[in-house]
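Before any comments, here is the structure.
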Amino acid sequence: MRDIIKRMSAVIILSAIAMLGGCAAAQDTSVSGSVYAMDTVMTITINAPSDGEALLRGAESTIRRLDDMWSATKENSEISTLNTLGNAEVSTETAELISFALDTGADTNGALDITLYPLLRAWGFTTGEYTVPDKALVEALLSARGAPEINGTNVTLPVGTQLDLGAVAKGYAGDILCEELRAAGVTSALLDLGGNIHAIGGRADGSAWRLGLKHPRGEGNIAVIELNDRAAVTSGDYERFFTDESGRRYCHILDPKTGFPADSSLCSVTVIGERGALCDALSTALFVMGAQQAEEYWRKNGGFDMILITADCDMLVTEGIAQDVRPVDGFTGGLIILDR
Ligand code: ADP
Ligand code: MG
């Protein structure tokens with residue numbers, strides 16, 4: 001897809017969460033640009049001083065640099081090289097991302113698992129040529145995998161093991177971008193990295209950013225979220241999926257215990273917190289776990305808020321974010337606030 005960097009007065013994108021409305025109070029100082037990277041459209045809006053365009057170009061080049069390192073499908077990325085050779089020297093950022101993902105995998109009892117690349121390929125999720133693989137193949141690919149080893153910036157993968165960082169890369173990329181923008185003096189920006197939202201401060205007039213959370217089973221939004229200075233990351237079964245002749249849905253998030261698409265009765269999980277990498281990792285992991293285990297994980301660990309939407313379109317919202325989440329008019333599901 002052709003890359004676009006241009007000024008826009010409003011941002012309309014199809015992603016799990018999207019910014020609502022423009023920046024009415026300071027439209028003239030806001031710059032916005034979109035770029036296609038990490039398999040998605042990324043849009044950055046900066047309430048900028050005079051150097052807004054330069055900041056956008058800097059952000060774009062950071063996104064491209066990270067995509068070129070972390071993509072499992074680009075031929076010469078660090079991850080592709082590692083997957084082909086089984087051992088490689090990687091950059092510090094890549095080593096950090098892999099270790100973070102492995103730690104979170106252990107912490108979530110294996111619900112987050114970055115060694116699923118052979119399975120994702122067998123299902124066609126890496127190319128879009130979807131197919132339901134043989135159960136025997138799924139089991140063989142699952143059991144062929146071993147644990148990656150990291151020694152400083154040297155990574156070794158056991159035979160049969162290949163990495164896919166799709167569940168964490170955008171979140172970590174968002175953290176790196178926010179750090180760069182903050183270091184450049186930006187105090188108000190919204191990064192929409194394909195439904196991974198990172199807010200720096202609030203809007204130019206000081207009010208919170210207003211985001212629409214997409215309805216997982218219908219048109220438009222299911223809720224509006226107000227967000228200030230935090231990340232909000234959604235994983236769902238409604239953006240990348242296919243159905244078979246019987247109408248059964250197969251989504252792109254796999255349950256590492258079975259090698260089949262997660263079937264946990266959740267259709268959307270949004271995690272809100274300070275670090276995008278953690279929000280991204282947890283949105284995937286909690287989606288795999290399902291509502292009950294996700295709630296238990298939140299009670300035990302805390303440090304983040306979440307919005308779970310069940311297959312019946314009930315909404316479970318943790319108390320820390322409850323005041324900032326409003327179901328849209330016409331929402332007919334149940335709204336459950338989880339408090340401690
Ligand atoms: P998205 O990338 O659509 O925002 P996620 O952050 O939930 O959604 O990441 C899903 C991607 O992560 C999949 O496309 C796949 O590449 C990879 N993946 C699928 N299942 C898992 C899993 N259980 N653990 C880690 N990565 C996964
Ligand atoms: Mg994720």
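For the reader, a short list of remarks on this structure follows.
- All helices (runs of 4 or more DSSP H) inside the range 244-340 with 2 or more residues being hydroxyl-bearing (Ser, Thr, Tyr) and more than 20 Å from Gly220 (Cβ to Cβ): 276-289
- Only residues that are within 11 Å of Ser30 (Cα to Cα) and touching a residue at least 24 places away in the same chain (Cβ under 8 Å) were counted in the range 40-50, giving 6.
- The residues on offer are Cys251, Cys279, and the sole one that is hydrophobic (A, V, I, L, M, F, W, C), surrounded by 18 or more Cβ atoms within 10 Å (Cβ to Cβ), within 11 Å of ligand 1 (Cβ to nearest atom) and without any contact (Cβ under 8 Å) to a residue 40 or more places away in the chain is Cys251.
Results for (1) within 16 Å of ligand 2 (Cβ to nearest atom); (2) not acidic (Asp, Glu), shown as yes or no for each residue.
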position: Ala101; (1), (2): yes, yes
position: Gly110; (1), (2): yes, yes
position: Tyr130; (1), (2): no, yes
position: Arg145; (1), (2): no, yes
position: Glu149; (1), (2): no, no
position: Leu165; (1), (2): yes, yes
position: Tyr172; (1), (2): yes, yes
position: Ala199; (1), (2): no, yes
position: Ser207; (1), (2): no, yes
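Yes or no, residue by residue, for (1) within 16 Å of ligand 1 (Cβ to nearest atom); (2) touching a strand residue (DSSP E or B) at 6+ places or on another chain (Cβ under 7 Å); (3) among the charged types (D, E, K, R); (4) closer than 25 Å to Leu20 by Cα:
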{"residue": "Thr43", "(1), (2), (3), (4)": "yes, yes, no, yes"}
{"residue": "Gly52", "(1), (2), (3), (4)": "no, yes, no, yes"}
{"residue": "Leu56", "(1), (2), (3), (4)": "no, yes, no, yes"}
{"residue": "Ile63", "(1), (2), (3), (4)": "yes, yes, no, yes"}
{"residue": "Leu82", "(1), (2), (3), (4)": "yes, yes, no, no"}
{"residue": "Leu85", "(1), (2), (3), (4)": "no, no, no, no"}
{"residue": "Thr92", "(1), (2), (3), (4)": "no, no, no, no"}
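- Residue, modelled with the highest pLDDT, within the range 221-248, restricted to residues that are among the basic types (Lys, Arg) and away from ligand 1 (no atom under 16 Å from the Cβ): Arg230
- Filter result for the condition that a residue is in contact with a Ser or Thr (Cβ under 8 Å, 6 or more places away or on another chain), free of Cβ contacts under 8 Å to residues at least 40 places away in the same chain, of a type in the set (Asp, Glu) and under 19 Å from Arg210 (Cα atoms), over Asp329, Asp305: Asp305
The values are calculated or read from the model by the stated rules, or taken from the named source; none is laboratory data. Note that the structure is a prediction, hence the values are computed from the model and not measured. We place every Cβ from the backbone using ideal geometry, glycine too, and count neighbours over all the protein chains shown.
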